[in-house]
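The values are calculated or read from the model by the stated rules, or taken from the named source; none is laboratory data. Just so it is clear, the model here is predicted, and its values are computed rather than measured. Positions of Cβ are generated from backbone atoms using ideal geometry, with glycine treated the same way; all protein chains shown enter the neighbour counts.
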Amino acid sequence: MRGRSFTAGQLAERLGGVVLGDPGRLLRGVEDIREAGPDQLAFVANPRYRRHLATTRAGAVLVDRSTRSDRVTCLQVPDPYAAFAAALSLFHPLAWPEGGVDPRAAVSAEAHLGPNVRVEPFAVIGAGAQLGEGCWIQAGAFVGAGCTLGPRCRLMPGAVVMDGCVLGEGVWLNPGAVVGAEGFGFAPTPQGWVKIPQTGHVELGDGVELGANTCVDRPAFGVTRVGAGAKLDNLCQVGHAAQVGPDSLMVAYSGVAGSSRLGQGVTLAARASVLGHIELGDGVQVAAHSMVQRSLPAGAQVAGVPARDHKRWLRAASAAGELPELMAELRRLRHRVEELERHAAAPPIEDPEGER
């Protein structure tokens, strides 16, 4: 997509950077450093990519304060990755729509829509729902009865917010995300599984974002809560009555079982899982494909199934490749020990000539 353009100097001013090279270089977009052309901005956030400064065709490159190049214009910034995100927003600003309700939408007469709310075709707004100023309800999205949405929430096509749920300011739901579906609650009886009514609700704090087809379930009573600033990737699951702390990160396919509590800034890498009724302290990091079976203190870094100290898991994983050789050595040592034991148990050999 093309349209906006900036000089390197203009970008540096907006991104809080310093130009090393040609401040008049005109740039029309952002691209990977390996693919960028002369009118595009690239970035180096990972030191492994610095080598591409010697070959890139980019018009300019975002780098940290310690990096420079004699062959390409550099924009030195405090944080190249954050600057890359800001630059993308400059080149591709989101066009928030004007308010208005499409005649093909179904909006209850008992719903309250704040100023400049946009409701697109085939969206549904239930009775008693309250939508804050500037909310954007895209085609086919659903807001149930009695829901409350803070200002400038965005529900993308097919997103669902079930009855009575609460969204803070600036919450984004990607296509197919579901807030407030019934928690997985069934009581075992001799006659079979008896459904437990899920009468609670879900609260999402300010700035929460849910990826496509991610689900946050309502509990039997009380609240399932995702704290302000938390970001959940596609296909994540938050079980009933779970609590995800502010600024936490859940990567694709990760899940938190019912009634577990995650502190602030917890990271669950892809496919990581937290079993029910567990507490993770602030800043805990769980590696990809790991399963947490016990509570963890603040700052813990764990990996594996079951999850354990990350460094210990790395040592174990490294040692696993040497197991065949270690087993062969163990067998050799065992055989040697058996020989020594046989010799030690054998009766002494008498000297036929006696003592000398």
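Points worth noting:
- Test: Arg57 is in contact with a Gly (Cβ under 7 Å, 6 or more places away or on another chain) and either without any contact (Cβ under 8 Å) to a residue 24 or more places away in the chain or assigned by TED's automatic domain parsing to the domain that holds Gly134 (or both): yes
- Flag if Ala127 is more than 22 Å from Leu235 (Cα to Cα) and surrounded by fewer than 16 Cβ atoms within 10 Å (Cβ to Cβ): yes
- Single residue of Val18, Val63, Val30, Val44 found to be among the β-branched types (Val, Ile, Thr) and closer than 16 Å to His92 by Cβ: Val30
- The conditions of being part of a loop (DSSP other than H, G, I, E, B), modelled with pLDDT of 95 or more and within 29 Å of the chain's Cα centre (by Cα) are not met by Ala58.
- Here Leu333 fulfils each of the conditions (1) more than 30 Å from Gly211 (Cα to Cα); (2) modelled with pLDDT of 95 or more; (3) not basic (Lys, Arg) apart from (2).
- Candidate set from region 271-308 (those that are polar (S, T, N, Q) and over 22 Å from Thr224 (Cα atoms)); member that is surrounded by the fewest Cβ atoms within 10 Å (Cβ to Cβ): Gln301
- Single residue of Ala307, Ala317 found to be under 23 Å from Asp247 (Cα atoms), under 44 Å from the mean Cα position of the chain (by Cα), modelled with pLDDT under 85 and of a type outside the set (S, T, N, Q): Ala307
- Among the candidates Pro78, Pro115, residue that is out of contact with any strand residue (DSSP E or B) (no Cβ under 7 Å at 6 or more places or on another chain), loosely packed, with under 14 Cβ neighbours inside 10 Å and either among the aromatic types (Phe, Trp, Tyr) or not assigned by TED's automatic domain parsing to the domain that holds Cys153 (or both): Pro78
- Per-region count, region 115-149, residues among the small types (Gly, Ala, Ser) and under 20 Å from Gly100 (Cβ atoms): 8
- Matching strands (runs of 3 or more DSSP E) fully within region 163-235 where at least 2 residues are closer than 20 Å to Val266 by Cα and of a type in the set (Lys, Arg): none
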